[in-house]
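> What follows is a structure written as structure tokens; I'll ask about it next.
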Ligand code: COA
């Protein structure tokens, strides 16, 4: 009997993707036959990059990985995971304050579908304080973003804010 694929979904807003997200993706890849990086539209967060731009950035950053697929979704996460025949949601934990929100989200998702598990990975120490919001603030004010995002993402941020410096 052919082995069923072990498919994981790593959801997020990715506005934009940071080195912290990349760290989770690279380590998470070891757990799955296929990892779907799923970009939530997240209109309520009023993202800086629209969905097409975020998909474009992610596809550029992740093109070297064979076991990754990048997609967007605009529905309940659990419905999307089911639709993809995935078994697991992958999330990163950075700091203790993430725990409450993530715990709540995992419990709600389990109530919606007990067959789907949420797996958490600890973000590597050096990326623990990162968040897309802080990176956007640094970009807007012309600060050095190199330790937080890849050169391509830094370029896209500078273009967005029309920053000449750096
Ligand atoms: N390294 C660095 N930063 C990280 C990170 C990591 N490993 N993991 C998360 N972050 C940051 C993000 O950059 C983001 O920063 P910001 O808030 O400053 O923009 C923050 O942590 C949280 O972002 P993210 O992981 O993208 O989560 P989110 O809260 O924006 O989105 C969804 C969570 C998309 C998974 C959730 O809203 C969802 O499932 N939506 C679909 C609708 C749904 O099903 N709702 C019911 C859920 S119970």
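> Can you report the number of residues in region 106-123 which are within 12 Å of the ligand (Cβ to nearest atom) and over 15 Å from the mean Cα position of the chain (by Cα)?
9
> Let me ask something else about it. Being assigned to a loop (DSSP other than H, G, I, E, B) and within 9 Å of the ligand (Cβ to nearest atom) is the filter here; which residues of region 25-46 pass it?
41, 42
> Filtering region 85-105 down to residues that are within 8 Å of the ligand (Cβ to nearest atom) and part of a helix (DSSP H, G or I), which residue is farthest from the chain's Cα centre (by Cα)?
For region 85-105, the residue satisfying everything is 104.
> Can you find even one residue in region 64-80 that is farther than 26 Å from residue 150 by Cβ and in contact with a helix residue (DSSP H, G or I) (Cβ under 6 Å, 6 or more places away or on another chain)?
yes
> Could I ask something else about it? How many of the residues in region 108-154 are assigned to a helix (DSSP H, G or I), within 24 Å of residue 81 (Cα to Cα) and free of Cβ contacts under 8 Å to residues at least 12 places away in the same chain?
3
> Please determine whether any residue of region 55-72 is near the ligand (Cβ under 10 Å from one of its atoms), in contact with a strand residue (DSSP E or B) (Cβ under 9 Å, 6 or more places away or on another chain), more than 16 Å from residue 15 (Cβ to Cβ) and not in a strand (DSSP E or B).
No; the residues of region 55-72 include none that is near the ligand (Cβ under 10 Å from one of its atoms), in contact with a strand residue (DSSP E or B) (Cβ under 9 Å, 6 or more places away or on another chain), more than 16 Å from residue 15 (Cβ to Cβ) and not in a strand (DSSP E or B).
> Restricting attention to region 3-21, does a residue exist that is more than 10 Å from the ligand (Cβ to nearest atom), within 25 Å of residue 128 (Cα to Cα), over 13 Å from the mean Cα position of the chain (by Cα) and at pLDDT 95 or above?
No, region 3-21 contains no residue that is more than 10 Å from the ligand (Cβ to nearest atom), within 25 Å of residue 128 (Cα to Cα), over 13 Å from the mean Cα position of the chain (by Cα) and at pLDDT 95 or above.
> Can you name the residue in region 144-160 that is within 16 Å of the ligand (Cβ to nearest atom) and surrounded by fewer than 14 Cβ atoms within 10 Å (Cβ to Cβ) and is also farthest from residue 23 (Cα to Cα) among such residues?
Step by step, filter region 144-160, then rank; the result is 146.
> Another question, if that's okay. Looking at region 42-66, which of its residues are surrounded by 15 or more Cβ atoms within 10 Å (Cβ to Cβ) and either more than 28 Å from residue 161 (Cβ to Cβ) or modelled with pLDDT under 95 (or both)?
42 - this is the single residue of region 42-66 that is surrounded by 15 or more Cβ atoms within 10 Å (Cβ to Cβ) and either more than 28 Å from residue 161 (Cβ to Cβ) or modelled with pLDDT under 95 (or both).
> Something else: Let me confirm something: among 116, 135, which residue is at pLDDT 90 or above and over 16 Å from residue 23 (Cβ atoms)?
116
The values are calculated or read from the model by the stated rules, or taken from the named source; none is laboratory data. This is a predicted model, so every value here is computed, not measured. Note that each Cβ is placed from the backbone with ideal geometry, even for glycine, and that neighbours are counted across all protein chains shown.
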